[in-house]
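A.B. asks: Here it is, the structure, as structure tokens.
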Amino acid sequence: MAYKSTLLLAILLNPVVSLADPAQDCFAFIVEALLDQGYVVLPQVFDTDYLACLLKELIELNPTDFDRAGVGREDSFQKNMFVRSDKIHWLSGDENYLSRYNRWVEALRLYINKHLFLGLYDYECMFAHYPAGAFYKKHLDAFKNSKNRRLSSVLYLNPQWGAQDGGQLVVYDKISPSPLFEVSPTFGTMILFLSEEFPHEVLPATRSRYSLTGWYRVNESLV
Ligand code: OGA
Ligand code: MN
């Protein structure tokens, strides 16, 4: 009896024993997929209410809060309408509505570092708005002169998005000109992929296409 109550107490006091942790299950799935194939597509990491909250914040920004996206950084920076025509809003990371997203991103960073030794150091993110017809031609996310982006993430925020709306993310490998796979930017879908391994492009859509896009980076001074 004493043994049974000690065991019960241990279970109650130790959530690892009593409950499987869904976030950890999801992280294990992500790590395995990154190891096997270098990318993972997740249908629903965040619940609908939180996704709606993120979308509301994005939509309520003023047009002047968005920059026309450039290509490259610093001396290679050029606004190039032939390469991409989306609009972006960099996030500082301190936004209140991002706290839940940030907690997930940080927990995943620690989990990935522990299991894949990627040495991910920080994370930068932005809202992206592709107006109808906007696109981003085939590219790699790691900048030419700066190789610090290691893992790209895109969380799509487009309710009721159908195949007829377009806007697919088309992912390639470095060798073959034919696509590896496509992702439709439906509400809540998230993709993670190794930034240096997968050229990709965004096809034009028939209506506004929204996302929260980010990159885990390594410490540039150590690269
Ligand atoms: C990018 C990008 C993909 C997407 O911003 O670099 O490739 O599906 N985004 O929005
Ligand atoms: Mn990209």
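A.B. asks: Taking the stated definitions as given, is I112 open to solvent by 50 Å² or more (accessible area, probe 1.4 Å) and away from ligand 2 (no atom under 16 Å from the Cβ)?
C.D. replies: On the way: open to solvent by 50 Å² or more (accessible area, probe 1.4 Å): no; away from ligand 2 (no atom under 16 Å from the Cβ): yes.
Against the criterion (open to solvent by 50 Å² or more (accessible area, probe 1.4 Å) and away from ligand 2 (no atom under 16 Å from the Cβ)), I112 does not qualify.
A.B. asks: Under 7 Å between Cβ atoms, at least 6 apart or on separate chains: pull out the pairs that start in region 197-216 with a residue that is in contact (Cβ under 8 Å) with a residue 40 or more places away in the chain and under 28 Å from E95 (Cα atoms) and end on any residue that is within 9 Å of ligand 1 (Cβ to nearest atom) and of a type in the set (D, E).
C.D. replies: From residues that are in contact (Cβ under 8 Å) with a residue 40 or more places away in the chain and under 28 Å from E95 (Cα atoms), the pairs are W215/D141.
A.B. asks: Just to verify a result, which residue in region 151-161, among those that are crowded, with 16+ Cβ neighbours inside 10 Å and away from ligand 2 (no atom under 14 Å from the Cβ), is nearest to S208 (Cα to Cα)? Walk me through how you get there before you give the answer.
C.D. replies: Within region 151-161, the subset crowded, with 16+ Cβ neighbours inside 10 Å is 151-158, 161.
When the remaining residues are screened for being away from ligand 2 (no atom under 14 Å from the Cβ), the result is 157-158, 161.
Details: L157: 10, N158: 8, W161: 10 Å.
Among residues in region 151-161 that are crowded, with 16+ Cβ neighbours inside 10 Å and away from ligand 2 (no atom under 14 Å from the Cβ), the one nearest to S208 (Cα to Cα) is N158.
A.B. asks: Can you tell me how many residues within region 187-207 are more than 14 Å from the chain's Cα centre (by Cα) and open to solvent by 40 Å² or more (accessible area, probe 1.4 Å)?
C.D. replies: Number satisfying all stated conditions: 6.
A.B. asks: Taking region 147-169, which residues are touching a strand residue (DSSP E or B) at 6+ places or on another chain (Cβ under 9 Å) and either of a type in the set (S, T, N, Q) or part of a loop (DSSP other than H, G, I, E, B) (or both)? Even if it seems obvious, please write down each step before you answer.
C.D. replies: Taking region 147-169 and keeping what is touching a strand residue (DSSP E or B) at 6+ places or on another chain (Cβ under 9 Å), we get 148-158, 161, 165-169.
Passing the criteria: N148, S152, S153, L157, N158, W161, G167, Q168.
A.B. asks: Going by what's in this entry, would F135 be described as among the aromatic types (F, W, Y) and either modelled with pLDDT under 95 or touching a Phe, Trp or Tyr at 6+ places or on another chain (Cβ under 7 Å) (or both)? Break it down stepwise before answering.
C.D. replies: Numbers: among the aromatic types (F, W, Y): yes; either modelled with pLDDT under 95 or touching a Phe, Trp or Tyr at 6+ places or on another chain (Cβ under 7 Å) (or both): no.
No.
A.B. asks: Hey, among the residues in region 162-186 that are touching a residue at least 40 places away in the same chain (Cβ under 8 Å) and away from ligand 2 (no atom under 16 Å from the Cβ), which one's surrounded by the fewest Cβ atoms within 10 Å (Cβ to Cβ)?
C.D. replies: Q164
A.B. asks: When you scan region 119-139, how many residues do you find that are surrounded by 16 or more Cβ atoms within 10 Å (Cβ to Cβ), within 11 Å of ligand 1 (Cβ to nearest atom) and of a type outside the set (F, W, Y)?
C.D. replies: Pass one, region 119-139, residues surrounded by 16 or more Cβ atoms within 10 Å (Cβ to Cβ): 120-121, 123, 125-130, 134-136.
If we keep only those that are within 11 Å of ligand 1 (Cβ to nearest atom) as well, we get 125-130, 134-136.
Remaining after also requiring of a type outside the set (F, W, Y): 125-126, 128-129, 134.
Number satisfying all stated conditions: 5.
A.B. asks: Looking at region 75-86, can you tell me whether even one residue there is aromatic (F, W, Y), free of Cβ contacts under 8 Å to residues at least 60 places away in the same chain, away from ligand 1 (no atom under 12 Å from the Cβ) and open to solvent by 40 Å² or more (accessible area, probe 1.4 Å)? Walk me through how you get there before you give the answer.
C.D. replies: We begin by selecting, within region 75-86, every residue aromatic (F, W, Y); these are 77, 82.
Those left that are additionally free of Cβ contacts under 8 Å to residues at least 60 places away in the same chain: 77, 82.
Then drop every residue that is not away from ligand 1 (no atom under 12 Å from the Cβ), which leaves 77, 82.
If we keep only those that are open to solvent by 40 Å² or more (accessible area, probe 1.4 Å) too, we end up with 77, 82.
The answer is yes, given that some residue of region 75-86 is aromatic (F, W, Y), free of Cβ contacts under 8 Å to residues at least 60 places away in the same chain, away from ligand 1 (no atom under 12 Å from the Cβ) and open to solvent by 40 Å² or more (accessible area, probe 1.4 Å).
A.B. asks: Report, by residue number, each residue of region 189-223 that is away from ligand 1 (no atom under 14 Å from the Cβ) and touching a helix residue (DSSP H, G or I) at 6+ places or on another chain (Cβ under 8 Å). Spell out the reasoning first.
C.D. replies: Within region 189-223, the first condition is being away from ligand 1 (no atom under 14 Å from the Cβ), and the residues that meet it are 206-207, 218-223.
Within region 189-223, T206, R207 qualify.
A.B. asks: Still on this model: Can you name the residue in region 115-134 that is within 18 Å of the chain's Cα centre (by Cα) and part of a loop (DSSP other than H, G, I, E, B) and, of all such residues, is farthest from ligand 2 (Cβ to nearest atom)?
C.D. replies: Checking each candidate, the answer is G119.
A.B. asks: Here's a follow-up. State yes or no: is L151 more than 10 Å from ligand 1 (Cβ to nearest atom), in contact with a helix residue (DSSP H, G or I) (Cβ under 6 Å, 6 or more places away or on another chain) and among the hydrophobic types (A, V, I, L, M, F, W, C)?
C.D. replies: Details: more than 10 Å from ligand 1 (Cβ to nearest atom): yes; in contact with a helix residue (DSSP H, G or I) (Cβ under 6 Å, 6 or more places away or on another chain): no; among the hydrophobic types (A, V, I, L, M, F, W, C): yes.
Taking the combined requirement at face value, the residue does not satisfy it.
The values are calculated or read from the model by the stated rules, or taken from the named source; none is laboratory data. All values derive from a computational prediction rather than experimental measurement. Reconstructed Cβ throughout: ideal geometry from the backbone, glycine too, with neighbour counts over all protein chains shown. In case anyone asks, the SASA skips ligands and DNA or RNA and just uses the protein heavy atoms, side chains included. Shrake-Rupley method; radii C 1.70, N 1.55, O 1.52, S 1.80 Å.
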